[in-house]
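Please read the structure below before turning to the comments.
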Amino acid sequence: MHPLVTLIRPANAVVSGLSAALGYLVATGTLVPGTLLLVLAVFSITGAGNAINDYYDRGIDAVNRPDRPIPSGKVSPQTALRFAVLLFLIGLACTVFTNTLCMAIAVFNSLLLAAYSAWLKRGPVLGNLSVAFLSGSIFLFGGAYAGLEGLVLNLPLALISFCAMVARELVKDAEDIPGDQAAGADTLAIRIGVRKTAVIAFLAVCLAIVASFIPAERFGLFYLAGIIPVDIIILAAAARGLGCRTPECMKQSKSSTLLKAGMFLSLVVFTLSALIL
């Protein structure tokens, strides 16, 4: 895979783009050709966010992820930054052909992505909340293509994503304590330790599970039959980290990986529910 492609984390960017289409599908029960613009916009802006994150995190990645394109020397920091700017511009250009609400969300999220990489992620809590908001707002972006009513309909899905992503971000911070400390970051995990961070992540997952029952009023028993097993997977994933007191233990628990898998499965459930119901 070309280093620039690796830089944007293509699988993550593709899933994010498809999530925007899912947001429109959940809000309206259908898809229109214009949703392709949503996919391209989110793919590009997500890729830009990943690239600019690697630019600012090159010191941390030299410790935690020396195989990433910048610390490995495959991509220069300047090239990564220029590529990120180009992708931001492409993503924003796509939204010109959507509506004002989508454009506003895209501009705000682009600025937030840049601010997160440059400043917010190095402090406690705000960085985690920013990533969680960005994750949930993809569904709001998709719904917004159908207008304000579509955005409102997607609020429960955005809330589920927000809470689950808070949990995953905290788990990742607990895993990355050595590299973050070396780079001078001040994350919540550094301040309170792995154990307490895992507990907060578990509580965030519990909130996500509670929120996952809100759409049952709209989608009914079919949705419940699909989301309850997913809730169990996510809960078990968060619980795996509760006994950890070191970053290495958290990595070995695979809590972050399992949370990501559970979140993907929840998207499958929402897709099927929107298509069938």
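The values are calculated or read from the model by the stated rules, or taken from the named source; none is laboratory data. All of these numbers come straight from a predicted model, not from anything done at the bench. Glycine also receives a Cβ, built like all others from the backbone with ideal geometry; neighbour counts cover every protein chain displayed.
Listed values, structure above:
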item	result
Among residues of the range 8-53, those that are modelled with pLDDT under 95, of a type in the set (S, T, Y) and either under 13 Å from S135 (Cβ atoms) or in the same structural domain as T271 (by TED's automatic domain parsing) (or both), counted	2
Sole residue being of a type in the set (A, V, I, L, M, F, W, C), at pLDDT below 95, crowded, with 20+ Cβ neighbours inside 10 Å and not assigned by TED's automatic domain parsing to the domain that holds A185, chosen from V125, V63, V75	V75
Matching entry among L31, L36, L134, L111 (being within 30 Å of I214 (Cβ to Cβ) and either touching a residue at least 24 places away in the same chain (Cβ under 8 Å) or surrounded by 17 or more Cβ atoms within 10 Å (Cβ to Cβ) (or both))	L134
Filtered residues of the range 206-225 (kept if within 21 Å of the chain's Cα centre (by Cα) and part of a helix (DSSP H, G or I))	C206, L207, A208, I209, V210, A211, S212
Qualifying residue in the range 57-69 (condition: farther than 22 Å from P178 by Cα and part of a helix (DSSP H, G or I))	no
Candidates I228, I233, filtered to the one that is touching a residue at least 12 places away in the same chain (Cβ under 8 Å), β-branched (V, I, T) and in a helix (DSSP H, G or I)	I233
Which listed residue is under 30 Å from T95 (Cα atoms) and touching a residue at least 60 places away in the same chain (Cβ under 8 Å), from G150, G184, G179	G150
Subset of the range 103-158 [part of a loop (DSSP other than H, G, I, E, B), of a type outside the set (A, V, I, L, M) and more than 23 Å from I190 (Cα to Cα)]	Y145, G147, N154
